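J.: If you scroll down you'll find the structure; I have some questions about it.
Every number here is computed from the coordinates shown, using simple stated rules; none is lab data. Given the structure is predicted, the values throughout are model-derived calculations rather than measurements. We place every Cβ from the backbone using ideal geometry, glycine too, and count neighbours over all the protein chains shown.
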Amino acid sequence: VIEINAGEESKSMVTILSICSQLLEIGADRHSFLLGFGGGVVCDICGFVASIYMRGIEFAYVSTSLLSQVDASIGGKTGINFQSFKNILGAFNHPEFVLCDQKVLATLPESEFINGLGEVVKHAFIADKEMFEFLKDKSEIILDRDELSMKYLIRRSIEIKSSIVNQDERESGMRKLLNFGHTLGHAIEVNSKYNHGEAISIGMVMAAKCSHEFGYCSKLIIGELENLLTALSLPIKCDIDKNILFEAIQKDKKKKANMIDFVFVEDIAKPRIEKVDPSSIQKAV
């Protein structure tokens, strides 16, 4: 068993090199199997190590957090942070299997459970209006971790993400839709104390407001999103220097030359991707 510290700070090259050293010490070879047991950070690190150790070994995940079950363990993205920028080093690498047991969610602290709800809302907002309405109607019992509600939300999130990934594994087209709220959300996450789900929650509201400023959606859509996030105890705003956001956007992986693929929304379950100048996003938020 190789243990790492909890938290985003572990997503570093120091951790990667430490794990590789320990694998060598215990005699792991290219036929060894690496099992990532934990949340989203563990998934990112396990998959990345498996992609580079002896040019690649097989691996799998046992997802123990809501964030991991609905998002991080699905889709083959692995990576670590570098120089204060999110997931700059990494690889696409798919596990042999992913095991999601919702019983482990009972062990999560409230903040970590709510963290995962940010990605659940994202999936509903970009892809499934019925799921969005379900979240609105059942928000109270969802926060109480109602078993049937969570079973539906986890399954539906997996279906939505896997369906998109199956059509665009390497993010050349529609997979970019899964980045709704992430361009700004990642910038918030690495420059504040907000966890991933909270930062993405704020990022989604900012992206919806940008959508309105660009003329793509009405203020009603922003209100719908803000009301749901608030009902699920997720934040919808923060105080952060726009110059810091802009600097982070300049290092975003989706940036090409002087343009960036930004995910806007026209309506619930009706997103759109447009190439824009990052400075126009800075002005809109």
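J.: Work out, step by step, the length gained on full extension between Asn166 and Val285: first 0.36 nm times the residue separation, then minus their alpha carbon distance; give nm to one decimal.
T.: 39.6 nm
J.: I've got another one for you. So for region 126-228, averaging the separation of alpha carbon pairs under 8 Å that are six or more residues apart and normalising by length, what relative contact order in percent results? Walk me through the intermediate numbers first.
T.: Working: 70 pairs, mean separation 19.6, N = 103.
Across region 126-228, relative contact order equals 19 percent.
J.: Can you give the local net charge around Thr15? Use residues other than it whose beta-carbon is closer than 13 angstrom to its beta-carbon, Lys and Arg +1, Asp and Glu -1.
T.: -3
J.: For region 222-285, what relative contact order do you get, as a whole percent, if you take Cα pairs closer than 8 Å and at least 6 residues apart?
T.: 25
J.: Mind pulling the angle between the C-alpha long axis of helix 196-213 and the longest principal axis of the chain? Nearest 10 degrees, somewhere in 0 to 90.
T.: The angle comes out near 30 degrees.
J.: With the contact rule set at Cα under 8 Å and sequence spacing of 6 or more, what percent relative contact order holds for region 8-119?
T.: Answer for region 8-119 is 26 percent.
J.: Counting only other residues whose beta carbon sits under 13 Å from that of Ala208, what net charge do I get with K and R as +1, D and E as -1?
T.: Numbers: positive: Lys122, Lys209, Lys219, Lys237, Lys270, Arg272; negative: Glu213, Glu224, Glu226, Glu266, Asp267.
Within the 13 Å Cβ shell, the charges total +1.
J.: Distance between Cα centroids, region 244-269 to region 130-175: provide it in whole Å.
T.: Computed from Cα coordinates, the inter-centre distance equals 23 Å.
J.: Karplus couplings for region 113-119 from phi (6.51 cos²θ - 1.76 cosθ + 1.60, θ = phi - 60°), rounded to Hz, Gly and Pro as x?
T.: 5, 5, 3, x, 5, x, 6
J.: Separation between the Ala231 and Arg155 pseudo-spin-labels, each 7 Å from Cα along Cα→Cβ, expressed in nm?
T.: 2.2
J.: A further question on this structure: If you take the square roots of the eigenvalues of the alpha-carbon gyration tensor of region 236-285 and sort them as a ≥ b ≥ c, do you get rounded (a/c under 1.5), prolate (a/b over b/c) or oblate?
T.: Oblate, since a/c reaches 1.5 and b/c is not below a/b.
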